[in-house]
Amino acid sequence: MTTAVPGLIRPSSIRPRVIGVGGAVRSVGAFLLVLVVLAAVWELAKAIGGVPWRDFLGSPIDPPWNPPLRIKQLNDQNLPHVWDVATAFFQPATRNSPHSLGAILIDAAVFTGRSAFAGFVIGGIFGTALAVIFVHSRLLERALVPYVIASQTVPIVALAPMVVLWIGRDWTSVALVSAYLTFFPVTIAGIRGLASPDPRALDLMRTYAADPWRVLWKVRFPAAMPYFFTAFKIAATASVVGAIVGEEPTGIRGGLGRAILQFNEQYITGPEKLWATVLASAALGIVFFGAVRVVELVVFRNRQAVIEA
Amino acid sequence: MSERASIVDVQQVEKRFEGAGATTVALQGINLTIGSREFVSLIGPSGCGKSTLLRLVADLTAPSAGQITINGKTAPRARMDRDYGMVFQAPVLFDWRTIDENVQLPLEVMGVPRAARRKRSVEMLSLVELSEFSRHHPWQLSGGMQQRAAIARALAFEPKLLLMDEPFGALDEMTRERMNDELLRIWERTGTTVVFVTHSIPEAVFLSSSVVVMSARPGRITHTIEIDLPRPRTDATRETEQYFSLITQVREALRAGQGPIAPEAAL
Ligand SMILES: Nc1ncnc2c1ncn2[C@@H]1O[C@H](COP(=O)(O)OP(=O)(O)O)[C@@H](O)[C@H]1O
Ligand SMILES: [Mg+2]
């Protein structure tokens, strides 16, 4: 009887795979390709206007190439060579430091990453809880959502020192600052997502005399997952930004925020160190984003439509 | 309609929708008694309140006036007791669940233990002939198969009453006839009472023990036509004289209910 049915019958082994191992390899490949292109454009710009042009060994005495133009923004002080930034990772962080800059930045990224992860989790849980409350109470939604929005207009640099006063000068303060930035997208997307089920799906649950709790777990949360994951991806990068910015005005040591301040002060003598730190910060954000994306792919492995990154 | 115990009893029901400024009288003076194991179809022009009547019985909306009794209980009580199963025009299956898991959903909500749930789902899927597709996800099935899964889900907790709102409305004619055959087979095997909304006259006649004809603005019941075609009904039934004459009878009742185009409608 099944053969007579028109439509979408497929062999039972078929699972719509949104992205497989091949897809992941292609994504990483494309990312690396763009990185190479960016580096090439960067060096091309320096070859055109970066006076004086130095080679790998940094020798300015006998320049192998004279750029035709002299553009201030492209000189070694403002835009160090790609290879200078790259080799900076392997050189001592400061003149007498026993550790390479790379080792120090990895430590700093782990430190900041810990705060950011804690902030992401706290913000994610708090943001989800708010969305759940708002979806069940129009009154609370109307009353509180404006404050949720207003909370995001407060400059984090003004807030962070206050948090340190309340909580103390350690990484938990940083995590809270990070959570402050991460809960917002989760709440806003969560309200949409939890309200997204088809009214007939809610009617169906009503015919089962399902209590709100069951409706939440069996219909609202699963339906909201694409919305939540979109928010989690935003929150993942926001949590890293929040942690770095949270470290800066609070003087907390050991993280990327502190490293950025320090290498900013030493910019004249070693601009490539600040650039390397910026790259390390970006890499941390990408790792966070990628981790959420991987979890998303696992959660959605059986769903037809996955919202693309 | 029947001397047997009534499953659904609708008395003097009215339903108004208060809109901005305007009030729609969706249903007025509705009386309907449906006995155990009957198969009753509601038919009428679009907007005459068929869905609204079904939703009233299901306690998805409350009547503006009148009384609705199901199994001797109020509609809300019957809903809380899970006395009925509902099938909508769209299958409303959850994408993130397999067909098997979709069928188990009402049982999960009702706290049935896992083993019993599984067993029941296997039975229901074999009843609607979807056993091989139990591990598929809804989007891997055709529209007709999805609707069968929705029926299996509605029957999973053995409700005495099945409420169906144009369940086959989106299907092509061929598939619809096959689904009708299957629905009758299921109905005969499970011994449920069915209230079935449709806008297809042949479908109503083929399936029903009686057809309730409604008219619009305000929605009312104008005729009730007993369908005494012998059972079991098969493809051969669709070619009998009696079948065609009943179709004509329902068509005329529908036309009579609509009446001439009312002059005030031209406003
Ligand atoms: N929730 C609602 N709010 C306002 N009007 C409604 C609502 N539901 C139905 N109606 C109105 O009630 C009438 C009957 O609708 P419905 O029961 O859906 O008709 P049918 O199913 O027979 O096509 C229509 O005029 C429709 O516009
Ligand atoms: Mg309808």
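The values are calculated or read from the model by the stated rules, or taken from the named source; none is laboratory data. This is a predicted model, so every value here is computed, not measured. We place every Cβ from the backbone using ideal geometry, glycine too, and count neighbours over all the protein chains shown. The protein model used for the area step is the full one, side chains on, heavy atoms only, and it has no ligands, DNA or RNA in it. Shrake-Rupley method; radii C 1.70, N 1.55, O 1.52, S 1.80 Å.
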Taking segment A:202-217 and keeping residues more than 7 Å from chain B (Cβ to nearest Cβ), in a helix (DSSP H, G or I) and closer than 17 Å to A:Ile133 by Cα leaves A:Pro212, A:Trp213, A:Val215, A:Leu216, A:Trp217
Enumeration of residues in segment B:182-205 that are among the hydroxyl-bearing types (Ser, Thr, Tyr), assigned to a strand (DSSP E or B) and within 15 Å of ligand 1 (Cβ to nearest atom):
B:Thr198
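Conditions (1) at pLDDT below 95; (2) more than 21 Å from A:Ala209 (Cα to Cα), marked per residue:
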position	(1), (2)
B:Arg37	yes, yes
B:Leu54	no, no
B:Asp81	yes, no
B:Gly85	yes, no
B:Asp95	yes, yes
B:Gln104	no, no
B:Ser126	yes, yes
B:Glu129	yes, yes
Meets criteria (open to solvent by 30 Å² or more (accessible area, probe 1.4 Å) and within 14 Å of another protein chain (Cβ to nearest Cβ)) for B:Arg37
no
Condition check for B:Glu38: in contact with a strand residue (DSSP E or B) (Cβ under 8 Å, 6 or more places away or on another chain), within 13 Å of ligand 1 (Cβ to nearest atom) and acidic (Asp, Glu):
no
A:Arg301 fails exactly one of the following numbered conditions: (1) closer than 22 Å to A:His99 by Cα; (2) surrounded by fewer than 21 Cβ atoms within 10 Å (Cβ to Cβ). What is the number of that condition?
(1)
Mind listing whichever residues of segment B:71-95 are surrounded by 17 or more Cβ atoms within 10 Å (Cβ to Cβ) and among the hydrophobic types (A, V, I, L, M, F, W, C)?
B:Ala75, B:Ala78, B:Met86, B:Val87, B:Phe88, B:Ala90, B:Val92, B:Leu93, B:Phe94
Restricting attention to segment B:221-243, which residues are away from ligand 2 (no atom under 16 Å from the Cβ) and either on the phi > 0 side of the Ramachandran plot or assigned to a strand (DSSP E or B) (or both)?
B:Thr222, B:His223, B:Thr224, B:Ile225, B:Glu226
Across segment B:45-69, which residue is farthest from ligand 2 (Cβ to nearest atom) among those that are within 12 Å of chain A (Cβ to nearest Cβ) and not hydroxyl-bearing (Ser, Thr, Tyr)?
B:Asp59
Evaluate segment B:8-22: report whether one residue or more is within 16 Å of ligand 2 (Cβ to nearest atom), touching a Ser or Thr at 6+ places or on another chain (Cβ under 7 Å) and of a type outside the set (Ser, Thr, Tyr).
yes
Among the residues listed as B:Ala5, B:Ala75, B:Ala65, the single one being closer than 24 Å to B:Lys160 by Cβ, of a type outside the set (D, E, K, R), more than 19 Å from the chain's Cα centre (by Cα) and away from ligand 1 (no atom under 12 Å from the Cβ):
B:Ala5
Can you go through A:Gly290, A:Gly246, A:Gly270, A:Gly255 and tell me which one is surrounded by 15 or more Cβ atoms within 10 Å (Cβ to Cβ), assigned by TED's automatic domain parsing to the domain that holds A:Gly168 and under 26 Å from A:Asn75 (Cα atoms)?
A:Gly270
For A:Val37, state whether it is touching an Asp or Glu at 6+ places or on another chain (Cβ under 6 Å) and either among the hydrophobic types (A, V, I, L, M, F, W, C) or not assigned by TED's automatic domain parsing to the domain that holds A:Arg169 (or both).
no
Considering only residues that are farther than 20 Å from A:Met205 by Cβ and within 16 Å of ligand 1 (Cβ to nearest atom), look in segment B:133-171 and name the one that is modelled with the highest pLDDT.
B:Glu166
Being open to solvent by 30 Å² or more (accessible area, probe 1.4 Å), of a type in the set (Asp, Glu), part of a helix (DSSP H, G or I) and at the interface with chain A (Cβ under 9 Å from one of its Cβ atoms), is that true of even one residue in segment B:126-137?
yes
Restricting segment B:172-181 to residues that are open to solvent by 20 Å² or more (accessible area, probe 1.4 Å) and at the interface with chain A (Cβ under 10 Å from one of its Cβ atoms), the one nearest to ligand 1 (Cβ to nearest atom) turns out to be B:Asp172
A careful count of residues in segment B:206-236 that are away from ligand 1 (no atom under 16 Å from the Cβ) and within 18 Å of the chain's Cα centre (by Cα) gives 9
Which count do you get for residues in segment B:212-258 that are under 20 Å from B:Ala26 (Cα atoms) and open to solvent by 50 Å² or more (accessible area, probe 1.4 Å)?
8
